[in-house]
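The values are calculated or read from the model by the stated rules, or taken from the named source; none is laboratory data. No experiment lies behind these values; they were computed from the predicted model shown. So basically every Cβ, Gly included, is an ideal-geometry build from the backbone, and we count neighbours across all protein chains shown.
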Amino acid sequence: MSGANQEYIIISGARENNLKNVSLRIPKRKITIFTGVSGSGKSSIVFDTIATESQRLLNENFSTFVRTFLPRLPQPDADAIENLSMAVIVDQKRLGGGSHSTMGTITDISPILRLLFSRVGQPYVGGVNMFSFNDPQGMCPECNGIGRSLCVIMSKAVDMSKSLNEGAIMLPGYSVDSWEWNMLLQSGDFDPDKKLSDYSAGELEQLLYAKARKVKMDFAGKATNITVEGVIEKFTNKYIKQDVKTKSERTQKTVAPFISEGPCSSCHGARLSQAALGCRINELNIAELSSMEVGQLIRFIREIDDSVAVPIVKSLTERLQHLVDIGLDYLTLDRETDTLSGGESQRVKMVKHLSGSLVDVTYIFDEPSVGLHPRDVHRLNELLQKLRDKGNTVIVVEHDPDVIKVADHIVDVGPHAGSHGGSIVYEGNYEGLLKANTLTGTYMKQPLQLKHDCRQPSGKLSIKDATLHNLRNVSVDIPTGVLTVVTGVAGSGKSTLINEVFLRQHPDAIVIDQSAIGVSTRSNPATYTGIMDDVRKAFASANKVDQGLFSFNSKGACENCQGLGVVYIDLAYLDSVKLPCEVCEGRRYKEEVLAYKLNGKSIAEVLEMTVEQALDFFELKEVVRKLQAMSDVGLNYITLGQPLSTLSGGECQRIKLASELHKKGSIYVMDEPTTGLHMSDIGHLLEIMNRLVDAGNTVIVIEHNLEVISQADWIIDMGPDGGSKGGLVVFEGTPAQIIHAEQSITGRYLK
Ligand code: ADP
Ligand code: ADP
Ligand code: ZN
Ligand code: ZN
């Protein structure tokens, strides 16, 4: 192969999903941005072709023995893929990890901070493990390093002024005449008519805290062994010592009012042993530093004046600076990673890679601008450039015009979605894109229009003196019957205000977010929207058979895969591997069921239709209405049977929107609904929001997209900055007003 060709990743004849024999060259050690309408095929090129092949090649490097344990990745459908280097995907999947995973642990900053304390902290307490809440030596023995403890709210659990017969036990399951209540009485230990306040200390101890013991009881003349246990003891064992989050949502709701969560009484939330907390640098201990915002912490660390500490201080400030650079200076090291948003998670992962020493890696980003205010997009751009300048190839799927601007090379995929897409409509630099006659080129040039005929609100919903997280006594009115956009820089408090404070007051609001909706592996757009029920009925009546046959979780299902169309093979240590079912070849149904037709199509063929094709095929009013709703939210290209688990966050959000479109008089809350949407699709989304408002609903949207902000009836701008420098409402008013508001950063960008 010639030297010049080594400078490119070369793809020939790619045909994954909707790709139409795509061939292209991606320059190495440059930033290449893939753009185009949703469903045009960007992910099919970047993830299903490039990333999959890179992973497959990586697996081939292992010995035959190791390979037998690795997923057997099928070769992507392409004629050739050449010159790939190792690919690292930096996506928006949330960083899980429970309470033991924090910003500090995930970025590897905490271990360095511990090292610092073990070297220069006073008084000297020993080794580095003493400062780790994940280490038995360092963790607070009271809460095992979790920092919180749960307890039963006694005043809600028992009423001391009542007797058992009067219902003194108020915990769930103990109402008068219930099974548990009967067991207490049958045990013979308690006087059912005595008020609890009259119990002796011993009796009360027995009623509330007795350990489990077997008691012989008489049931319909038969002696039976029954376990009896103190009521608080039992509740504690069942709901406090075990993670209540593993119980059903209903159970969680029932028991929640009886449990309070507070900081651990021993370490007060610091998670560490008393010895570790006694060790200080410039009067502060490690827990106090971990709860400082990164922007402040970096200043504190720089002031440490100790020759022993110089190399440690250098490496700490370097890493902290990366967090500041990417706009995460408002976060603290002790922040639990599972409370970070998708955009924040992606940026944290990015920082991890910046500190690493890998070169000649292909980094793949999926819409890294998510959650970033226009003010902070330049920081993202700088980080992408840094990664490139270290000698890496950077591939980005992105819709934000301000990110597209920094690309060395742009690939525009289109012209439309699904079967109308799958081709490359433009390749080249930014100036060329502006001149190109493609949807992206056209929309990039369109100037923003400010909305002037804003609707008048029908009333208001008030938030009073909110102080959660960084909110500084926020009181604000949210108008009803209009479209309100809540905006502001990342970390200013938008989610805290709307998703937490507001939604706690209005739990009946319809929340349309980006969380996954895969209720089961069998869920797909048809089952989720209810179309499947109508389709089953139509097949049943056309063929005069039972509709149960057409459900792929009942008797019509392929027996080999139980209607999944795929079989899962579990592997030790690795994610399980999914292979197409050999018996039904992925069609999910038994041969005999596939023989039944509706207007010439089998049930499997119907499930393979895209929304657009199904709209042509069906005439049933209910089905058409539901399909139209999906089409309206820009999901024309999705097939009815595509597993919900393969949908992106943005697509999940839009499918939820589609199935909630017909409600009236409700409050809708949406969190960055433009995620994954191309500029040309944003107009449709706005139409839908406007339709919801015109039907009498209140729509509240958290958004950074300038086009959506410019079309709001009312804007609430949070700021002025992130974290402790935010938490205020800096502007309330219309789009025409915000561009004159000096204190509003958003207004400046809208201008
Ligand atoms: P984009 O990334 O541009 O939004 P995609 O590459 O995800 O587009 O999708 C291109 C087309 O391929 C769409 O019609 C989409 O529905 C289809 N597609 C994507 N992933 C799958 C899949 N796992 N199974 C079936 N169809 C898919
Ligand atoms: P925005 O939505 O504007 O990006 P957030 O409401 O997410 O801002 O964050 C506002 C502030 O509250 C930030 O300082 C953030 O770190 C903090 N915060 C948000 N969620 C949590 C949480 N679960 N625990 C602790 N602090 C949080
Ligand atoms: Zn503790
Ligand atoms: Zn099967």
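At-a-glance table
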| read-out | value |
| --- | --- |
| Segment 228-239 residues that are without any contact (Cβ under 8 Å) to a residue 40 or more places away in the chain, paired with ones that are of a type in the set (Gly, Ala, Ser) (beta carbon under 6 Å, 6 or more apart) | 229/212; 230/210 |
| All positions within segment 304-352 that are in a loop (DSSP other than H, G, I, E, B) and either of a type outside the set (Asp, Glu) or under 26 Å from the mean Cα position of the chain (by Cα) (or both) | 304, 326, 327, 328, 329, 330, 331, 333, 334, 335, 340, 341 |
| Leading residue by the ranking (surrounded by the fewest Cβ atoms within 10 Å (Cβ to Cβ)) among those in segment 331-364 that are in contact with a Leu (Cβ under 8 Å, 6 or more places away or on another chain) and among the hydrophobic types (A, V, I, L, M, F, W, C) | 354 |
| Checking residue 596 against (1) surrounded by 17 or more Cβ atoms within 10 Å (Cβ to Cβ); (2) assigned to a helix (DSSP H, G or I); (3) at pLDDT 95 or above, the condition it does not meet | (2) |
| Among the candidates 608, 585, 591, residue that is under 21 Å from residue 545 (Cα atoms), modelled with pLDDT under 95, out of contact with any helix residue (DSSP H, G or I) (no Cβ under 8 Å at 6 or more places or on another chain) and more than 16 Å from ligand 3 (Cβ to nearest atom) | 591 |
| Residue tally, condition surrounded by 16 or more Cβ atoms within 10 Å (Cβ to Cβ), at pLDDT 90 or above and part of a loop (DSSP other than H, G, I, E, B), over segment 78-93 | 3 |
| Listing of helices (runs of 4 or more DSSP H) fully contained in segment 615-731 that carry 1 or more residues being within 19 Å of residue 506 (Cβ to Cβ) | 649-660, 679-694 |
| Residue list for segment 243-282, restricted to those being within 30 Å of residue 117 (Cα to Cα), modelled with pLDDT of 90 or more and either within 26 Å of the chain's Cα centre (by Cα) or not small (Gly, Ala, Ser) (or both) | 271, 272, 274, 277, 279, 280, 281, 282 |
| Pair list, Cβ < 7 Å and 6+ apart or interchain, from segment 564-590 residues that are under 20 Å from residue 553 (Cβ atoms) and among the polar types (S, T, N, Q) to residues that are modelled with pLDDT under 85 and more than 16 Å from ligand 3 (Cβ to nearest atom) | 576/568; 576/569; 576/570 |
| Residue list for segment 216-242, restricted to those being more than 25 Å from residue 144 (Cβ to Cβ) and within 40 Å of the chain's Cα centre (by Cα) | 231 |
| Any hit, segment 483-502, residues being free of Cβ contacts under 8 Å to residues at least 12 places away in the same chain and under 21 Å from residue 743 (Cβ atoms) | no |
| Residue count for segment 219-270, restricted to those that are in contact with a Leu (Cβ under 9 Å, 6 or more places away or on another chain), surrounded by 14 or more Cβ atoms within 10 Å (Cβ to Cβ) and hydroxyl-bearing (Ser, Thr, Tyr) | 2 |
